[in-house]
Structures are given as structure tokens and as C-alpha cells.
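I have a structure I would like to understand better, so I am pasting it below and will then ask my questions one at a time.
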Amino acid sequence: MRVLEVRRLVRNYRKSAMKNSKDEIKVLKGISFKVDRGEFVGIMGKSGCGKTTLLKVLGMIDKQTDGTVKFMGKDTKGLYGDQLADIRRKQIGFIFQDFYLMDSLSVEENIMLPMILGKEKPNIMKKRARNFAVRFGIEKLLNKNPYELSGGEKQRVAICRALINNPDLILADEPTGNLDSKSGQTVIQSLDRINQKYKKTIVMVTHDPQMASHCTRIILLKDGRVLDVLKREGEKEAFYQEILSRMADL
Amino acid sequence: MRIKIVCKDFKSNFKHNFLYFMANSVGAAEFFVFWGMYSVITKVMKGGSTGESFAYDIVMCASAIVIFSAALMAYSMTKYIRMRIRSYSLFVITGMRKRVMYGMMGFEYMAGWLLSMIFGLLLGTGLFYLILRLWHAAFPEYVGEAKITIQVYHRTWAVSFAVMAAVLFALLMWSENKDLSSLAAGEDAAERRPKRAYWLGMVLAGVGLFVVGFFQYFGSEVIGWPYVYAHLCWIAGGFLTAAFGGGFLLEKLRGRESFYLRNLLKLNSLYSRFQSSLLVLLMLLAVHFLALSYCAAGIAEMLPMEDYERYYPYDALWMAQEKEEDHAFGKALAEKYNGTVKSIPMIRATNYFECEQIGISASSYEKLTGFVFDLKGREIICAVSEQKGAAQKDVSSDVYEELNQWLVTGKLTEEWHEYVNDPDGKQPQHDTKYHYQIKKVHTQNWFGEYGIASNCEDVIVFSDEYFEKEREALLCDPEESTVLKLFSFPGKHRKKACGELKSYVRDRGVKDSEWTIAKQSSLYLTGETVKELRKADIFKISCKLFIMAILFFSGLFALMIRTLAEIPAYRRKYDFLDCMGIRNRMERQAISAEIQSMSSVAVLAAVAFSVPYLKLHIVRETAKGTLPGREIWFYWAVIAAVYLAAQFLAQKAFVLYVRKKVVKASFL
């Protein structure tokens, strides 16, 4: 089943804050691609090529200027307000580079946040949160606050939060960007496990070829356009080498 | 170059910096206005007790505004300096020396404080004269004009400087214990809350302050400092109870999982911003408590503004002389206009506080009221004139004993005036010939309350033999009143009859003493008295309404300053929650709750503390012989409801404004 279908996606931003200004910055210039269920897709490109903008549009945090984005077969153009909120809460999980945990809430409450927003029953929320915490080895941290955790622990909390509602799609924006190599490895292995064991569809923005080599497919962006699509045929190491060589073209 | 960078950084945060300095200016201006009012109150106050009530209001408001404005200044300067520490820490990380950082930051802070202070003083001066001018224009008989003294400027400077220095010192100490990265990161993630049971000790301290306030309240006259301290004790006690009791309650709420998780976002700001909200809580509690207790109770006891006439059985009260001419005139006047006249032997009795009272004999009092008192020698009864309440209700307050146990028979003369005001002279307390034994103090309204000045024109009942002896001595004095004449006229003739009586007394009656503090006379016309009463009540009510309005807007201003400063943090938070899939309704409710939660806590606490306050007020006034009717509770509830509704509406409007700033105005 197709999770995402993007056709001739365009996203422009106004240069000036003035309403009548016609000066625009073209960030995405007609991107097309598809993501099937169970895929682990990486989006790579230089800084400023539009990776994060693309992720925001896919996550329905931002609206496209032109083109079509279909999520689970539904065109997102016609969706507004609470419909979008419901989709983001139940069907999409976000993992950010800066973790975006609420320091005023405990780890457990942070994990449960999407379910709290959905007004789920407390016993169901707690049970699920605990399950995920055990799976990712952070069950001892549940009563702590995020500011007491290391970067790797925080990102694992964020992963639990992204998974708690059993979403159809996980969007990860540079999830290892703020982590040391060891923590980064832990996180990427977690994402690998989510993809292979739980068959979750993941779209990950990264500039790190090492992290990108875990993906099943890489979309290379250059100047707001798709430069190339790389598919992993064999081992990660070989895929990593292929990515490295293609990065010179970016 | 270094200064250029710092200035650029300052300019980019100008909107926030301006906000904090404005708050400092407003705090200083409020402090200045009310301290200024307080300093000139004895000069501007006129019209006896009515003008005094204006003085009481200013004193009470000044006491709360001092707390409010000091807290506002502390809050704004704390927020400002913490924000700037963040920026300067980044400079230190990139290589600026700490000493240089402290110097530059200190200079910037002092310069900002100085400019905002100067602006605050200018604003305060303008407001002071505007307010005083408006009051004088509206009520010239009660409020005069005066110039503000240099001491008020000094005091405002001193308080503001003390707050500024204390904040700077405290925050520099705080920053010394922090590493650079956490200073640069910004807000403390972990704002501690009182979680353990031992914090309930602070609640007990709050209760202790309530008790202290109770004793201060009942041990004082209205304008005394104990009365003011009582209110300050209650504000402080209320703050400790609400802050620490509330903190403990929040912790208990966490245990109620279902409720807690359902309301997590609404309660989040109370949990996460506990410490930084305490100053705001203090400010809001001070203003709301004073508005709902002192002001609302004061207005409620004067309502309804009814037909006072029903408390005056007579149309005129004339203190005439025991001579044929006066008797003949009185009789003729009554006959001419189909009225009645009652004559009662009387003498004037002047107390140590230069108030003239009406002295009658025990047998006259018995004829008028049916009450029998077996008075001997220098024993007296004080019958306090009470307008609205029931007669012959015992007055337990010792205010009247203090007022009337030292008396001289006859009107207030220059001799007595100099005697009681001579600082080196012998006081009447040391001279037994002026001392009387008060057997009882109770209320009377057999002729009504005349003389708007309080504690004057009360009735002193003497023993028959003493009364006769004193009256005999005063009969031959042409300046002394010795007969009380009480007139009643039919409605259609009333005005004319009273006019004739007035002319007669002006030309041939006893001359009024020129030494009384409040205007007293030998003739009182009910029509004029009632008119003046209404005007006085309107003045008193408008004073309190004005104070309530100041308090209302002060509370709103504090809330706005706090919220406007938090808008960038709200934006970040709600952008994130949008990603998490928060629905519109929940988002609206969460933003409203974030903004209004602290105000709601303050308002609830203020209402809760105002209810027992009203009860105490009624008990106190009853003891003094002023008997607020049962309607006081009803009118207080109406006034409180209007005040709370106005707060609610104003906050709702502000919440709508903030939501527009916070929530993306897009397809979302």
C-alpha cells in the first residue's frame, strides 16, 4: 500500500514580510516520488536544498504552493484544521533533531503526549508508554524530566512518543544530528528495528551518509529538485560507498 | 565594536526590553501617585468625616499599591536582567571577560532603570495632578488642592532604587552559581515547587498572619496604622496560604491521574512556572483582595442609597434659647404652617475632640424613648446617633467611651479649643472636673443623625440633678443653647416654613462656634441634611469605585506584562503541539488556561478571603453602633460579581489577542 505519493510538489516562500510582495523564494521546484508501506526512505542534500521544507509538507505542518501530496491515498489539499491535527496525532510520528521534549513534563508524560491530546484513558496510555519504554531501554527514566537525560536518552524518548499511537508514517528530521556517534548509532539502530521488526514506514532527513546507509532508498535533492534516487540492493557498506560517491554531485 | 554588538543585540530585543521598562515605569508611577496622595491627604481633605473617608481610602489603597508596585518593579527588572544575562553569556562564551560583562550589563541595567524611573516620575506627577484636579472639580467641598512635596520624589526614588539594587544583587549571586551553558540556554527548566509536607508550615505561617491581622483589625480605629497593618497581614497571609497551599495541592493533583492527565496542558503553566509566577500571584492577590474586601464592603454598606427621610421623624432641629422670643416664634411658626413643635430642655456638651454633643436629662430621655436610667452625679449615657439601624442597640466599641468621657458643658469656645490643643498644657485627662462616668453606650435615632461629621451631635444623657445644675448656669449665657425644638411640617409648607426658621436663626439665633473641626450648627434642616448625606455617600462610593478601578487595571496590567513577555515561548510550545496533533478547541482552552490560571488562583483566593472579611467588617461596625443591614451581603455579592465579570471579559479579550499572536493564522 502506498503511504505517500508526491507529484510535482512546489513550495515557494515570500521574500518580504509585506503582503503584496511578489518576490518569492522557490524552495521546492516540482518534486515527485512515492513511498510504500514498510519502506525506510532517506532524503539527502546540501544545506538549503529544501529537505526540511519537504518534510514539513509531508507532515502537513506546511502547505504546498502547488502539486499534490497524497497520504494513505487521500489528497492533503482538502484537509484543514482538526482533520490535519487528527492525522498528525494518530497517523504520523515526528522525531526532531532538537528532540522537542517538554521539560515541564516527566518522561512518561512526554511519551504519552499524543495520547493525552487524544484524550485517551490513562490506564491505556500508561501501559503503552511503559511497553515502549521497556522496548527502548528507558523504563527507569519514566519519572525523570527531560533536562535530566542525555541526548541519546532524549531521542529514545522522542522515538517512543512518535510510536505510541501506532502511526502509519514516521518523519525524522536529522534524528542523530545533535548526538555523539555512539548515541547516534543507538538511535539509528532503533529506527532500523522499528522499520524491520514493526514494519513502520520511515522518511528520514539526514546529511550523514553513515546514517543514510540504513535506509532502503535515498532521495537526493539538489536545488529543490530530485537529483537521483538510490536503492539499496546489497549490503549497507556498499550502499554507503555509493552514497558517498553520489554526494559529490550535490 | 564591542559596544556596537551589544547595542545591536539590545535593539533586536527592544520590544521585550521596552516592555520591562514600561512595567518599571508604571510601577514607579503608581507608587508615586498613591504615596503622593497619602502625603497631601491632610491638606486636601475637607468636610469632616466625609473628607476623612477619602483619606482612609487613600491610605488603604496606598498600602496595597506599595506592595503591588514594588512587586511589579521587581518582576520586570528580574525578567529583564535574566533575559540580558542570556545574551551576555553568549558574549562570554565567545571570549568577553566576565568583569567586562558585569560592567556592561550593570551599566545597561542602571541606565534603563534610570530612564524608566524618570519617565515613571513624570507620568506619576502628571497623573497625580490630573487625579487631584478631577476630584477637586467634582467634589470641591470634600477635596481641596495641594502641591506635592519633594519627599515623595525622594521616597519613590529610594524604593525603586532599593528594589533595583536588590534584584541586581540577587541575580548576580544566582548567576555566579551557574555555568555558562545553562545561563546561555535561558529559562530554568526545573522551577522548584513545594512538594513535601513540611511546606505546609508556610501555610500555617499564613494562618498565623490572618490571626495577627484579626487582632490588629479589632484593636484599631479606622485610620490608625493597626487597621492598615491588618490588611497587609491578610494579604501576606493570603499569599503564603495560596502559594504554598496551592503548590501542595498541585502535587496532590498529580496523584489523581485521570483528572491530571485530562487537564495536563491547562495546568502545565502552574507546574512549570511556579516560582516565576509567585510575584505575579502576590501582585494580583493584593489588588483583588483589596478590591473585593475593603472597597466592595465599603460600597455595599452604603447601599441602597435610599430615602433617608424615613430616618428623620422631624423636619428641623433647632437648638434655641430658653427665652420668650424663641418660644413665641417656634409656636407661631408651627401654627402658621399647620405643623408641630416639641420643646426639650437641653445643654451643649463639648468633648475633648472638640465635638459638640446634645445634652439632655434622664427624665427627658425617658419621656422620649421609654428607657429608664438611674443616673447619679456625673454618670452619663452616650446615645450615639445612628441613621439606619435600630435604636438602643448596645455599642461595644470603646471608641465612644474614649470620645465622650472627657466633657465640658456648653459649646466649643476658644478657651476650650486652646486648652485641648496646648501641647505643654494640662490635658483634661488629668483634670477630674472634666471626667464623667459612662454607664452605657447605645444607639439612638429618635430624632435622626444630624451633622455629617461623625461623632458629633450625639446625645449625652445626664442625671437630672446634674443636668439642672449645669443648665441653670448656662441659662444666662446668650451664646448657649438651652432648649431643643423639634419641628414637623406638612409637605406643601415644609420648604417655606424651614426657610423662615433659617432666616430667624441667622438673625437672632445662637451663633455657631467657629472652632469646630466639622461644620456644626444650632439649626439642622432635614432636607439639607439628607441632600448632603446623599452627596457624601455619592462621594464615598465614587472614591471606592475609583480605587477599585485602579486596582482592576493594575491587576490587568500585571497579567498583560507577564503574558506579552511569554509570547515567544508560547509560540514555540504551540508550534510543537501543532506537530503533535493538538485540536483547535484544546489549543484554545490550553492557551486561555495558560494565561488566566494564575489570575484565577488569585481571584479565587481573594474571594475566599473576602467573605470572612465581610463578616468581620459587619461585626466591627455593629460594635461601633453602625448597623449594616442584611442587604450588605446581597450588595457585596452584586459588586463582587460585576468586578469578577469585568475581569473575566477583559481577560477573555486579551486572550483572544494573544491567541492570534501565538497560533498560526494559516490553513491550520
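Please verify whether A:Lys46 is in a loop (DSSP other than H, G, I, E, B), among the basic types (Lys, Arg) and without any contact (Cβ under 8 Å) to a residue 40 or more places away in the chain, treating the condition exactly as stated.
Considered against the rule, which asks whether it is in a loop (DSSP other than H, G, I, E, B), among the basic types (Lys, Arg) and without any contact (Cβ under 8 Å) to a residue 40 or more places away in the chain, A:Lys46 comes out as no.
Output the residues belonging to segment A:49-83 that are at positive phi and in a helix (DSSP H, G or I).
If the condition is that a residue be at positive phi and in a helix (DSSP H, G or I), then A:Gly81 is the only one that fits.
What residue, of B:Leu290, B:Leu261, is in contact with a Leu (Cβ under 8 Å, 6 or more places away or on another chain) and either more than 14 Å from chain A (Cβ to nearest Cβ) or of a type in the set (A, V, I, L, M) (or both)?
Of the residues listed, the single one that is in contact with a Leu (Cβ under 8 Å, 6 or more places away or on another chain) and either more than 14 Å from chain A (Cβ to nearest Cβ) or of a type in the set (A, V, I, L, M) (or both) is B:Leu290.
Residue by residue through segment B:142-179, note down the ones that are acidic (Asp, Glu) and touching a residue at least 12 places away in the same chain (Cβ under 8 Å).
B:Glu145
Another one. Of everything in segment A:103-136 that's among the acidic types (Asp, Glu) and under 22 Å from B:Leu270 (Cβ atoms), which residue is nearest to the other protein chains (Cβ to nearest Cβ)?
Going through the qualifying residues, I end up with A:Asp103.
Taking the condition of being at the interface with chain B (Cβ under 7 Å from one of its Cβ atoms) and among the charged types (D, E, K, R), how many residues in segment A:62-89 meet it?
5
Take the residues in segment A:90-102 that are out of contact with any strand residue (DSSP E or B) (no Cβ under 7 Å at 6 or more places or on another chain) and assigned to a loop (DSSP other than H, G, I, E, B); name whichever of them is nearest to the other protein chains (Cβ to nearest Cβ).
The residue in question is A:Tyr100.
Further question: Would you mind finding the one in B:Arg562, B:Arg572 that is in contact with a helix residue (DSSP H, G or I) (Cβ under 6 Å, 6 or more places away or on another chain) and among the charged types (D, E, K, R)?
Residue meeting the stated conditions: B:Arg562.
Moving to a separate point now. Give the residue, chosen from B:Gly126, B:Gly106, B:Gly95, that is without any contact (Cβ under 8 Å) to a residue 60 or more places away in the chain, surrounded by fewer than 16 Cβ atoms within 10 Å (Cβ to Cβ) and farther than 16 Å from B:Phe34 by Cα.
Of B:Gly126, B:Gly106, B:Gly95, the one residue that is without any contact (Cβ under 8 Å) to a residue 60 or more places away in the chain, surrounded by fewer than 16 Cβ atoms within 10 Å (Cβ to Cβ) and farther than 16 Å from B:Phe34 by Cα is B:Gly95.
I would also like to ask the following. Can you name every residue in segment B:22-50 that is surrounded by 23 or more Cβ atoms within 10 Å (Cβ to Cβ) and modelled with pLDDT under 80?
Scanning segment B:22-50 gives B:Gly47, B:Thr50.
Also, quick follow-up: Taking segment B:352-372 as the search range and keeping residues that are closer than 10 Å to B:Phe462 by Cβ and not hydroxyl-bearing (Ser, Thr, Tyr), which one is surrounded by the most Cβ atoms within 10 Å (Cβ to Cβ)?
B:Gly359
In this structure, is B:Gly298 over 15 Å from the mean Cα position of the chain (by Cα), part of a helix (DSSP H, G or I) and outside the structural domain of B:Ser69 (by TED's automatic domain parsing)?
Spelling it out, it is not the case that B:Gly298 is over 15 Å from the mean Cα position of the chain (by Cα), part of a helix (DSSP H, G or I) and outside the structural domain of B:Ser69 (by TED's automatic domain parsing).
Within segment B:564-572, can one find any residue that is touching a Pro at 6+ places or on another chain (Cβ under 7 Å) and within 14 Å of chain A (Cβ to nearest Cβ)?
no
Residues that are among the basic types (Lys, Arg) and at pLDDT 90 or above: list the helices (runs of 4 or more DSSP H) wholly contained in segment A:104-223 that include at least 3 such residues.
Passing ranges, in order: A:122-135, A:151-163.
The values are calculated or read from the model by the stated rules, or taken from the named source; none is laboratory data. Just so we're clear, the structure is a prediction, and the values are computed from it rather than from any experiment. When we count neighbours, we look across all protein chains shown, and the Cβ atoms used for this are built from the backbone with ideal geometry, even at glycine.
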